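Working notes, structure below.
The values are calculated or read from the model by the stated rules, or taken from the named source; none is laboratory data. Quantities reported herein were computed from a predicted structural model and do not represent experimental measurements. Cβ atoms come from the backbone with ideal geometry, glycine included; neighbour counts cover every protein chain shown.
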Amino acid sequence: MGATLSNLTEGANGSANGPGLGDIPESCVACVFMYLTPPEICNLARLNRAFRGAASSDAVWESKLPYNYQNLLDFLPFERYQDLSKKNIFALLSRPIPLDDGNKEVWVDRVTGGVCMSISAKALSITGIEDRRYWNWIPTEESRFHVVAFLQQIWWFEVDGSVKFPFPPGVYTLSFRLHLGRFFKRLGRRTCSFEHTYGWDIKPVRFELSTSDGQQAACKCCLDEFEKDDANGNHKRGCWIEYKVGEFAVHDSEDATEVRFSMKQIDCTHSKGGLCVDSVFIFPSNLRERKKVLK
């Protein structure tokens with residue numbers, strides 16, 4: 001079978017067995033590449049010269065870029081992309097672009113070409129964040145922003161945020177990335193302390209989102225439940241969990257979409273503590289579905 005594949009890739013110039021992949025016109029290969037993912041294109045580019053040429057075609061990579069990718073480029077200095085091919089522009093945008101003094105990041109997913117965003121806890125409005133009796137900032141490599149907000153204790157828990165951004169048309173999911181318990185390293189190993197983790201199993205936290213064009217979503221969830229969590233295969237304590245707030249749709253990329261979101265537990269009949277707030281994620285909903293299929 002290996003010899004047969006070798007013959008196919010050689011084509012008429014190197015094989016006596018008739019036409020092979022090397023004889024396919026580069027324009028035809030480029031048409032096929034339109035239906036493949038960027039990783040698949042890069043793998044096939046190794047086969048022969050025609051495939052390598054098609055894999056560098058601007059037309060191919062234009063189809064992989066977001067509809068309004070120029071809006072993303074506008075966040076970068078012009079000299080960083082002025083002479084780049086579409087392939088290299090895709091590679092540039094697939095790396096995080098810092099916004100808002102580094103408290104937000106936006107990037108293009110390497111497989112789907114969808115636009116993703118992450119918003120640091122530093123960019124959120126957190127009740128009591130200035131008072132060290134209630135909150136502390138913890139430096140950590142477990143966050144893409146290298147810092148998380150840790151709640152020691154509070155009665156009124158409220159975290160709010162908003163973002164205005166020209167998302168390409170599509171359906172997006174918004175989620176909070178949270179962690180119950182304070183984590184640290186001991187003798188080079190990760191460990192967690194739950195000594196001051198309490199109050200999250202009494203009443204649920206309410207998550208909400210709304211958009212500038214009137215879309216709304218809301219859900220409730222107890223953060224501290226000791227039964228098994230189906231989505232993660234483990235208990236909710238001691239691991240990072242993305243809590244889905246809801247979805248919103250973008251129909252027109254000409255105008256920026258404003259999204260407002262929050263998480264609240266304002267029942268003052270009990271205090272709560274021991275929660276780490278890392279960030280908020282916004283990403284295409286089909287990206288989440290794709291990850292489920294791969295699992």
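Here are some notes:
- Of the criteria (1) part of a strand (DSSP E or B); (2) more than 15 Å from M263 (Cα to Cα), which one I119 fails: (2)
So that you can scan it fast, the table gives a plain yes or no per residue for (1) modelled with pLDDT of 95 or more; (2) crowded, with 21+ Cβ neighbours inside 10 Å; (3) outside the structural domain of N286 (by TED's automatic domain parsing):
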| residue | (1), (2), (3) |
| --- | --- |
| I119 | yes, yes, no |
| K122 | yes, no, no |
| L174 | yes, yes, no |
| L178 | yes, yes, no |
| R186 | no, no, no |
| R189 | no, no, no |
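- Count - residues of the stretch 146-155 that are under 23 Å from the mean Cα position of the chain (by Cα) and either more than 16 Å from E242 (Cα to Cα) or among the β-branched types (V, I, T) (or both): 4
- Filtered residues of the stretch 135-148 (kept if surrounded by fewer than 19 Cβ atoms within 10 Å (Cβ to Cβ) and of a type outside the set (A, V, I, L, M)): N136, W137, P139, T140, E141, E142, R144, H146
- Qualifying positions in the stretch 158-193 - in contact with an Asp or Glu (Cβ under 9 Å, 6 or more places away or on another chain), within 26 Å of D131 (Cα to Cα) and among the aromatic types (F, W, Y): F176, F183
- Residue tally, condition basic (K, R) and either under 22 Å from I97 (Cα atoms) or touching a residue at least 24 places away in the same chain (Cβ under 8 Å) (or both), over the stretch 116-139: 1
- Residues satisfying the stated conditions in the stretch 149-164, i.e. surrounded by fewer than 19 Cβ atoms within 10 Å (Cβ to Cβ) and not in a loop (DSSP other than H, G, I, E, B): E158, D160, S162, K164
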